[in-house]
Amino acid sequence: MMDYTECVLVEFDPEVVTFEDLLIEFGNMHSPTSPRSRQYRSVIFYSNEEQKMIAEEYLDGLRTTSRGEIHTKVEPMTKFYKAEEYHQNYIAKASGKRYF
């Protein structure tokens, strides 16, 4: 049952925000140096080779400035399963609470 990773699916317009901009925000919201279980691991899923290259370059940049090992992985996006409704918009629902 624990052979999954909790994640979010971000749909975006690259004319408005770049994939690299999203990676920077991703990095601001969590620590890529903290090892975690498969369920809560740090991973960047990509949908094409350009995103893969950008993600790998982003992590290479983190490795040069980080004080610890980067545990974030880069993997192709496969099937996405939407979580139950009570998990949707968690950050908004947890207003004022620490969520990461």
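Can you name the residue in segment 25-49 that is in contact (Cβ under 8 Å) with a residue 12 or more places away in the chain and under 16 Å from residue 65 (Cα atoms) and, of all such residues, is surrounded by the most Cβ atoms within 10 Å (Cβ to Cβ)? Outline the logic, then answer.
Residues of segment 25-49 that are in contact (Cβ under 8 Å) with a residue 12 or more places away in the chain, as a first pass: 26-27, 29-30, 32-47.
Restricting the remaining residues to those that are under 16 Å from residue 65 (Cα atoms) gives 27, 30, 32-34.
On the way: 27: 17, 30: 13, 32: 20, 33: 14, 34: 13.
Applying the filter and picking the extreme gives 32.
Considering 54, 44, the condition of being under 22 Å from residue 4 (Cα atoms), at pLDDT 90 or above and among the aliphatic types (A, V, I, L, M) is satisfied by 44 alone. Report whether or not residue 33 is more than 11 Å from the chain's Cα centre (by Cα) and not in a helix (DSSP H, G or I). Yes: the conditions hold for residue 33.
The values are calculated or read from the model by the stated rules, or taken from the named source; none is laboratory data. Source: prediction; values computed, not measured. We place every Cβ from the backbone using ideal geometry, glycine too, and count neighbours over all the protein chains shown.
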